[in-house]
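Okay, so here's the structure we're looking at.
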Amino acid sequence: MRIAMVSEHASPLACLGGVDAGGQNVHVAALSAALVARGHEVVVYTRADQSALPRRVRMASGVQVEHVHAGPPREVPKDELLPYMDAFAVQLARRWRLDPPDVVHGHFWMSGLAAIKAAGVTATPVLQTFHALGTVKRRWQGAGDTSPTARIGLERRVACSVDRIIATCTDEVAELSAMGAAEGRIDVVPCGVDLDLFKTVDPQPPRGDRPARLLVVGRLVERKGIEDAVRAMAYLPDTELVVVGGPSPHELAGDPEIARLAAIARECGTVGRVTFTGRVTHDELPAVIRGADVLLAVPWYEPFGIVPLEAMACGVPVVATAVGGLLDTIVAGVTGVFVEPRNPAAIAAATQGLLADERGRAAMGAAGRKRAQSRYGWDWVARKTEESYLSVLAEHRDAVRTAEAIR
Ligand code: UDP
């Protein structure tokens, strides 16, 4: 198949860990690579955020990334990109008219808008992965939600117009149904994890007499619950918390979110036990994860959450909030422990329980690795995605045949 991925703000070539660069970038890059490995041709269309970018870049995986000029050629926060989506769609349609793909797969609601518009020109079927939903964001963030006000209505339109939605977790299906999407047009295919990169090592490096180490990894946005993890440290003496993500290490000093979290650590009397590393490259991350005793994944809500899966693949147990995609990936008491969101005392109690049980932790780590291997490898995810593409293509062919017969 010739597959067009549309990922307006999240380029597979971006540095990870910044405010708008995380799971979607990883997902698009890894899924596309796994589809290429299965013999498909994949082009990822993403917005040019610099003027000097080459039009097409071929990644080592064989995935081609095409930069689309729509809006200013500089970084623009994703919540300000909506005005440029018409121009983005015009550029896509121009390319696809000359060289039509077999299927289009949109990532995030704005890509969906552009994909539907452009694919209409060539009558190409469109599948959509939302990665996050405006209704959920509004519910949790209220006035703090910086999405355009039109998002919820437009997102509903995308959900009801595409040929198929690929939801990344079961919880999302209920949200999509509540938005009016027909359940029969929703497939659930999770995100994956790079099992060759995120793996266990044997023998484990010696722990020495260092204090127990907790780890948080992610974009430094409020809803990731990093503040709750920092506050939990007040209940966890003899423990250190390492926070990975955010700006590059030499820009830590000027980062407002790090300043806010550091002030909370001071307020909780945990200064010196909470460290901020800034972003860590994806290749270096597995060693950092393996160096932790427990990973804390404690967002207020989470559309999927690749980081806890990466910890599982590295054999590290997870304390997780019982929300969104985490409800599917983590098995309570087997690969991790669930807590309610926004509750530092509950995070501390669950973590303490794990820290006090070394054998239990080791068993959970091993179970996590096994679970990641059995159902979250990117090849498996690509196979399931391919099934969705083929099913949509078959429906599309039937519809064309019926229309021709009527004529
Ligand atoms: N990540 C990284 N370095 C960092 C911070 C994050 O490589 O400093 C990666 C992380 O390994 C994961 C992704 O960014 O693959 C974050 O994905 P997740 O689904 O957990 O969160 P999202 O960004 O989608 O909210």
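Readers should treat all values here as calculations from the given coordinates under stated rules, not as data from a laboratory. Note that the structure is predicted; figures quoted are calculated from it, not measured. For neighbour counting, all protein chains shown are included, and Cβ atoms are generated from backbone atoms with ideal geometry for every residue, glycine included.
Summarising the label geometry, the points placed 7 Å from Cα in the beta-carbon direction at ALA123 and GLU404 lie 0.9 nm from one another. Of the trypsin sites (Lys or Arg not before Pro) in the range 42-77, the ones in a loop by DSSP (not H, G, I, E or B) with at most 16 other beta carbons within 10 Å are ARG55, ARG74. Using the alpha-carbon positions of the range 185-258, Rg (one decimal) and Dmax (whole number) come out as 16.7, 54 Å.
Taken over the range 107-238, the alpha-carbon convex hull comes to 161 cubic angstrom per residue. A crude spin-label estimate for the pair VAL90 and ALA174, with each label 7 Å from Cα along the Cβ direction, gives 4.4 nm.
When the chain is treated as a Gaussian network with alpha carbon springs shorter than 10 Å, the biggest mean-square fluctuation among MET110, MET179, MET364 belongs to MET179. Suppose a student asked you for the relative contact order of the chain, using Cα pairs under 8 Å spaced at least 6 residues apart; what percent would you report? Across the chain, relative contact order equals 15 percent. In the structure shown, the pairs LYS117/LYS224; LYS199/LYS384; LYS137/LYS370 are assessed against 27 Å; a Cα-Cα span above that value is assigned to LYS117/LYS224; LYS137/LYS370.
Its relative contact order, with pairs defined as Cα atoms under 8 Å and 6+ residues apart, puts the range 240-351 at 21 percent. Between ARG279 and GLY245, GLY246, SER248, the built amide H atoms are under 5 Å apart, and every one of these is 5 or more places off in sequence or on another chain.
Positive contributions from Lys and Arg (+1) and negative ones from Asp and Glu (-1), summed over other residues with Cβ under 10 Å from the Cβ of VAL121, come out at +3.
The convex hull defined by the C-alpha atoms of the range 122-174 has an orientation-averaged projected area of 4.3 nm².
For the options THR122, THR335, THR200, a Gaussian network treatment of the chain with springs between C-alpha atoms closer than 10 Å singles out THR122 as fluctuating the most. Residues TRP109, TRP380 in ascending order of nearby Cβ atoms (within 10 Å, fewest first): TRP380, TRP109.
Placing a pseudo-label 7 Å from each Cα along the Cα-to-Cβ vector at ALA287 and ASP357 gives an inter-label distance of 3.2 nm. Taking the chain as a Gaussian network of alpha-carbon nodes connected by springs under 10 Å, the highest mean-square fluctuation of the residues ALA119, ALA37, ALA382 belongs to ALA37.
Restricting the range 197-290 to trypsin sites (Lys or Arg not before Pro) that sit in a DSSP loop and have at most 16 other Cβ atoms within 10 Å of their own Cβ leaves ARG207. Take the convex hull of the alpha carbons in the chain; its mean projected area over all directions comes to 20.2 nm². For the range 47-170, the equivalent ellipsoid derived from the alpha-carbon gyration tensor has semi-axes of 24, 19, 14 Å in decreasing order. Helices of the chain meeting both criteria, an alpha-carbon length of 18 angstrom or more along the long axis and an average Kyte-Doolittle score not below -1.0, with helices taken as full DSSP H segments, are 23-37, 85-98, 109-122, 378-406. Annotation: extensible slack from ARG55 through ARG342 equals 98.9 nm (criterion: 0.36 nm per residue apart, minus Cα-Cα distance). Our helix-only sum for the chain, with -39,500 (n - 2.57) per DSSP H run of n ≥ 4 divided by its residues, gives a mean residue ellipticity at 222 nm of -12500 deg cm²/dmol.
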